Structure formats: structure tokens, C-alpha cells
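The structure under discussion appears below in the form of C-alpha cells.
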Amino acid sequence: MATFLRPELSNLCTYVTPPSDSLPLEFDYLDTNELPWDLPPRLKEDLAQQYIRDLASHRYPDAHHWQLRQAIARYVSEHSPTEISPHQIAVGNGSDELIRSILLATAIGGYGSILVAEPTFSIYGILAQTLGIPVYRAHRDPETFAVPIAEVNTLLGQAHPPVRVLFMLQPNSPTGNPLTAAEVDWLRQLPEDILVVIDEAYFEFCGKTLVGDLTTHPNWLILRTFSKAFRLAGHRVGYAIANVDVIAVLEKVRLPYNLPTFSQVAARVALDHRQELLAAIPTLLAERERLYERLQACPQLRVWPSVANFLFFRLREPAQTQPLWEFLKKQGTLVRAIAGGIRVTIGTPEENQRFWQRFEQGLREVL
């Protein structure tokens, strides 16, 4: 490794994404928690006409995302006991950029560390490590995936440098469980010198939000995304909701012109047509429950209930996980091998049926 590069990055495990350029289009992509349905053709045509008629490719995007922030604030306010201001919204190139901005604003340069409860979304720890920020890791209950509150409190007391950010997913990925009432009460009691980041990437599937707590907890921040229920994974739009002072600092540390004009327009169009787009969620949730019941009947594995758009299960014989994952891939279904188990995204009814048929065949031939 070149001597001018930071040596600790040589062994860093990066976030793994499927090599889409080497996979055939007919694969069922049940590994990245996207919604299985594209935007309706009519909305795509609307976007195409806006691109032709209104967008100037030779001009930089709106650097302040003002129209989009106003639209997001109106949407968030629909599920909040108090009105959310556009000044409480920050927009990023996906939630990943916002996570990185949070780390830049809180812990870089030896000022602090972060804490996560694993298994959880790996990007929190990966991005912290790329910035040289220490990561403290608590281990969730292996039966329920509950947050180990006593262990976390111990880590918070011992951490050096002190923990500046605690990341929590609601619901958690890859396990699909929501925060319990006890966990929420514990989060409300954390000291104000810790930024509590609650990632609500799957809000539209579970309907659970803690946005209402922002008025009484200025050290809280909510993350959300357009990549899941709003079908805009290809446009990379995420947003944060927080105290205006926190948002003002996030705006200072982000890159200028970070979100392309077309992505901003696509997010506004999705919000304008949210009732139509979100109308597919009941069908998806019914598919999730149908697949959960099927998996639950398999004695070779254990599956956990989920309030997200995916299910997580583990085989009774852990060594068989990788062969099953490889078998499903060869058959044309991509799932995620993670945390000692497999996470499967809920797809269309047809994709789910193909997964089940291939899964049953895998149980017979591989296990």
C-alpha cells in the first residue's frame, strides 16, 4: 500500500453491493430491500417531459434543495403532532451522505466515537472507520435482537473518546424488529451530549415514527430515504429531520450541489403522487406475511417476524447458509447472506413464488 495512504484502510471491509453489470436482467433482486415495482410509466413520462421542457442541464442544481425541503416538511408533518419546518430538513445523496455528514459534524479528528448495536446496517461503522472514528459495538440479544441496554450503558461510560453518536434503526435491518417501548424510554433518557440518530428508512412499511419526540429532544435526528417505498433507489435521495441548529451544521459540512436537479425533481414528483405510490404497500405486507408463514413451517430454520419489507432467517445448521445462498443465486434469486443468516426482500407475488420454489428445492438438494 502506498505510504501516503492511511494504513488502517488497507484492511477495511467496504460495503458490498452486487456487481449489477455482470448479472442478467432476469434475476430476482431480493437482496437490497428495494420496492419491487418501478415508477408507473405515466410518472416516468411526466419526469421525461419535465427534463425536456424545464430542466437546464448546463446549470447547477438548486444548492439548497429549497422546494424539495418544503415538500418533505409537508409530508413529515402529516405524521407528526407538531408542524415540521423546511429548516428542520437536510437532503443528501442518499442517507449514506447524511450519515457521513453527521460523522463529520460530531466525531472526526479525535473528538468522539460512535456506538452501534449489531447486527445492524453496516454502513454506520464502515463510514466511521473511513474517517478514523472509533466504533463501539454492542451485541443484540441473539433470540429477540433487542438492544442490550445494560451493555450499551457500560460502553457509554467507558468509551474514549466519548461516544458522540448512537445509531438506531427503526425497524432494524437485517432483523426487521421495531424498537420496544423500553428501548424508546431508554433513548429518551440519554444525555444531550450524545446525538441519537434514529434511522427510519422503512417508516412507510411499519408506520412507526419518533418524529414527535424531536420537539423535546434536541439531540435527536431522524433519517429517512426515498430509496425504498418511494421507488427512487436509482436517484439517491435521503433526508434528515432534526433541530434547526443541527440541520444548519449539516448544511455546512455537506458538499455543494450534492443532489442532481433530476433527482430533486423526481423526489418532488414522488411526494406529489405519494398516495398512488404507497398504495402498493398493503399488497407487499400481505406477501410478507404469506412468506413468513411458509418459512416458519420449515423445521430446518428459524425465521423472525418483521415490520419492514424483508424477512430474516437462520438455518439450524449455520454451515449450510453459504451453500443455500449460492444455490439460490444459481437459480436466479439474489438474497443477502448476513449476520449468520439470510435476509430476503419481499418482491412481487411472482418473485416471491419463484423464491419459495427455489428455496424448497435448495432445502432438498443442498441441506
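Values as computed for the structure displayed
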item	result
Test: residue in segment 141-159 that is within 30 Å of Leu9 (Cβ to Cβ), in a strand (DSSP E or B) and modelled with pLDDT of 95 or more	no
Number of positions in segment 337-367 that are in contact with a Pro (Cβ under 7 Å, 6 or more places away or on another chain) and modelled with pLDDT under 95	1
Hits in segment 301-320 (condition: in contact with a strand residue (DSSP E or B) (Cβ under 8 Å, 6 or more places away or on another chain) and at pLDDT 95 or above)	Leu301, Arg302, Val303, Trp304, Ser306, Asn309, Phe310, Leu311, Phe312, Phe313, Arg314, Leu315
Count of residues meeting criterion [within 10 Å of the chain's Cα centre (by Cα) and not small (Gly, Ala, Ser)] in segment 167-202	8
Test: Thr82 is assigned to a loop (DSSP other than H, G, I, E, B), open to solvent by less than 70 Å² (accessible area, probe 1.4 Å), within 20 Å of Phe167 (Cβ to Cβ) and touching a helix residue (DSSP H, G or I) at 6+ places or on another chain (Cβ under 8 Å)	no
Residue check, Leu55 on the phi < 0 side of the Ramachandran plot and either buried (at least 17 other Cβ atoms within 10 Å of the Cβ) or assigned to a strand (DSSP E or B) (or both)	no
First in segment 220-239 and free of Cβ contacts under 8 Å to residues at least 24 places away in the same chain, second anywhere and aliphatic (A, V, I, L, M) and crowded, with 24+ Cβ neighbours inside 10 Å, Cβ under 9 Å, 6 or more apart	Gly234/Ala266
Only listed residue being modelled with pLDDT of 95 or more and in a strand (DSSP E or B), chosen from Tyr124, Tyr136	Tyr136
Residue count, segment 119-145 (criterion: under 15 Å from Arg314 (Cβ atoms), open to solvent by less than 30 Å² (accessible area, probe 1.4 Å) and β-branched (Val, Ile, Thr))	0
Residue within segment 236-258 that is under 30 Å from Pro349 (Cα atoms) and surrounded by fewer than 22 Cβ atoms within 10 Å (Cβ to Cβ) present	yes
Residue match in segment 28-50 (condition: open to solvent by less than 50 Å² (accessible area, probe 1.4 Å), part of a strand (DSSP E or B) and of a type in the set (D, E, K, R))	yes
Criterion violated by Val91 - all others in (1) buried (at least 18 other Cβ atoms within 10 Å of the Cβ); (2) aliphatic (A, V, I, L, M); (3) part of a loop (DSSP other than H, G, I, E, B) satisfied	(3)
Boolean, Ala2 is open to solvent by less than 90 Å² (accessible area, probe 1.4 Å) and modelled with pLDDT under 90	yes
First in segment 324-346 and in contact (Cβ under 8 Å) with a residue 12 or more places away in the chain, second anywhere and part of a strand (DSSP E or B) and among the hydroxyl-bearing types (Ser, Thr, Tyr), Cβ under 7 Å, 6 or more apart	Leu334/Tyr29
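The values are calculated or read from the model by the stated rules, or taken from the named source; none is laboratory data. Worth saying up front: this structure is predicted, and the values here are computed from it rather than measured. Neighbour counts are summed over all protein chains in view; Cβ atoms, including those assigned to glycine, are modelled from backbone coordinates with ideal geometry. Side chains included, ligands, DNA and RNA excluded: accessible areas come from the protein's heavy atoms. Shrake-Rupley method; radii C 1.70, N 1.55, O 1.52, S 1.80 Å.
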